[in-house]
Amino acid sequence: MLLRRLPQVQRLCARRAFTSKTHYDEKIVYQYASQQLKPVSIGQLLKYSQPPLTPANILDSVAYTQSELPVRLAKRVISFHNLPFIVGTNPHIARVYNQYYEAFDRLYSFAPIDSIEREWEFARALERQTQLLVDVIPTIAQGFLECKQYMKREERALFINELIRSRIGLRVIGEQHVALSYQFRDQQRSSLEDVWVGAIHTKLLPASMMRQCAQLVQNMCEMHYGTAPSYYVDGDVDETISYIPSHFEYITCELLKNAFRATVEFSRQSHRLAHPPIQITITKGEGYVGVRIRDQGGGIAKDNMRNVFEYSWSTMQDDETSTAGMSLQTNLAMQQGIGGPIAGLGFGLPMARLYAGYFGGSLDIVSMEGYGCDVFLKLRSIEGSVEQKQI
Ligand code: ADP
Ligand code: MG
């Protein structure tokens, strides 16, 4: 009986573990969290930024942003209360919880905005907040890695997927407004045609993004292993896509980290004298771009294939992870924007697939055991029907 009630007891306790704030604060969070979300499509968000930008457009956009973000943040805060107690006491998870709480606190307490001057203050606060929340994913990944045994994999996946989906929504809405706010002021200075529509880059060059990311990951790989394979980019290298660069970067860095790590480790294991290069091929389809990352890192064992898309599942050994994770905060400081250590958190593939799928893309892996992997990423350009996606 007691055992059956244990999850409930744990849940109550988890709530207590997290509630360092006053009772009064908590009532407000619950009040916001009980409000209905107002989903918005990218197309609707883009309407705010149709030139010419007027103060009325900006005030409309800020009114939506200001009413919507605190509700979304409050729902996230409450979702942490349902985690088992022990998970709630993990310092990484508690840190992210507090970050969400503080973000909620900052935004809900802003008085209604009726002037362009106040809108500028709000946009700055939003921008600072995005920077503060930049390491949420690797921090939460470290937390769940440490608490792996306390939650069922489905429960864990449900919580993390929800956290990440809502984070994408929060960021897109927030960044879209910040970008718009800048665009409005730039427009007042010059009327130069721009490739940015809010947070979306309408002429993103996948080939050059892949080169930048591969360079970054190659440096990480050098730092971690003291050696790294080379890479090259071929295919439709001049093609462009309309996409959110930070998402593109996040997905591809995770895939590249896997390819670099596998190559170096397989070279060691098979006493190979030189690392075969990593091939990155870009293809352009109707409304999407394809990226294939081909490595000769030995592939994935058949028995492991069903686990690779699971959160907190990794073949990096615990002792190695602790070197990568020892330094989670140091690592993060060094690797801002590319999502944590070279491997070990077990978040790369499930998250990359979630991000790719968010706007209708996909991620697939074909492994040739004993030889290498082909990873196929398909990203749909954010234009036309993709703009109808509700966030
Ligand atoms: P992590 O890299 O932190 O271990 P991921 O989710 O990125 O987590 O990958 C999970 C596991 O999938 C890796 O630990 C590795 O065993 C396997 N894997 C992923 N990509 C490759 C690849 N290109 N070659 C070989 N194994 C891979
Ligand atoms: Mg990885």
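Below is a table of values for the structure above.
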{"read-out": "CD proxy at 222 nm, helix term only [per DSSP H run n ≥ 4: -39500 (n - 2.57); per residue of the chain; nearest 500]", "value": "-19000 deg cm²/dmol"}
{"read-out": "Gained length - L158 relative to D364, 0.36 nm times residue gap less alpha-carbon distance", "value": "72.1 nm"}
{"read-out": "Once exposed loop GluC sites (Glu not before Pro) are cut out (DSSP; at most 10 other Cβ, 10 Å), longest piece of the chain", "value": "1-192"}
{"read-out": "Difference of contour (0.36 nm per residue) and Cα-Cα distance, K389 to D236", "value": "52.4 nm"}
{"read-out": "Restraint check, K27/K47; K148/K302; K152/K257; K203/K302; K152/K302; K257/K378, Cα-Cα greater than 29 Å", "value": "K27/K47; K203/K302"}
{"read-out": "Accessible surface, per residue, of the chain when the full set of protein chains is kept, probe 1.4 Å, Å²", "value": "47 Å²"}
{"read-out": "Stokes-Einstein D for region 110-257, Kirkwood Rh over Cα pairs, 37 °C, 0.692 mPa s (µm²/s)", "value": "178 µm²/s"}
{"read-out": "Cβ-defined net charge surrounding V366, 15 Å radius [Lys, Arg +1; Asp, Glu -1]", "value": "+2"}
{"read-out": "Full-extension gain in nm, N219 to I86, via 0.36 nm per residue minus C-alpha separation", "value": "44.2 nm"}
{"read-out": "Of all accessible heavy-atom area on region 202-385, the percent that carbon and sulfur account for (1.4 Å)", "value": "50 percent"}
{"read-out": "Relative contact order (%) - the chain, alpha-carbon pairs under 8 angstrom, separation at least six", "value": "17 percent"}
{"read-out": "Over the chain: Rg over Rh, Cα atoms, Kirkwood Rh", "value": "0.98"}
{"read-out": "³J(HN,Hα), Karplus 6.51/-1.76/1.60, whole Hz, each residue of region 221-230, x for Gly, Pro", "value": "5, 4, 5, 7, 10, x, 7, 7, x, 8"}
{"read-out": "Kirkwood hydrodynamic radius of region 202-385, Cα pairs, Å", "value": "16.6 Å"}
{"read-out": "Trypsin sites (Lys or Arg not before Pro) lying in DSSP loop within region 63-163, provided at most 13 other Cβ fall within 10 Å", "value": "K152"}
{"read-out": "K302/S208 FRET efficiency (R0 30 Å; Cβ-Cβ; nearest 0.05)", "value": "0.25"}
{"read-out": "L273 versus L37: modelled label distance in nm, points set 7 Å from Cα along the beta carbon direction", "value": "5.6 nm"}
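The values are calculated or read from the model by the stated rules, or taken from the named source; none is laboratory data. The structure presented is a predicted model; accordingly, all values stated were derived computationally and were not measured. No Cβ is skipped: glycine too gets one built from the backbone with ideal geometry, and neighbour counts run over all protein chains shown. SASA here: full protein model, heavy atoms, side chains in, ligands and nucleic acids out. Shrake-Rupley method; radii C 1.70, N 1.55, O 1.52, S 1.80 Å.
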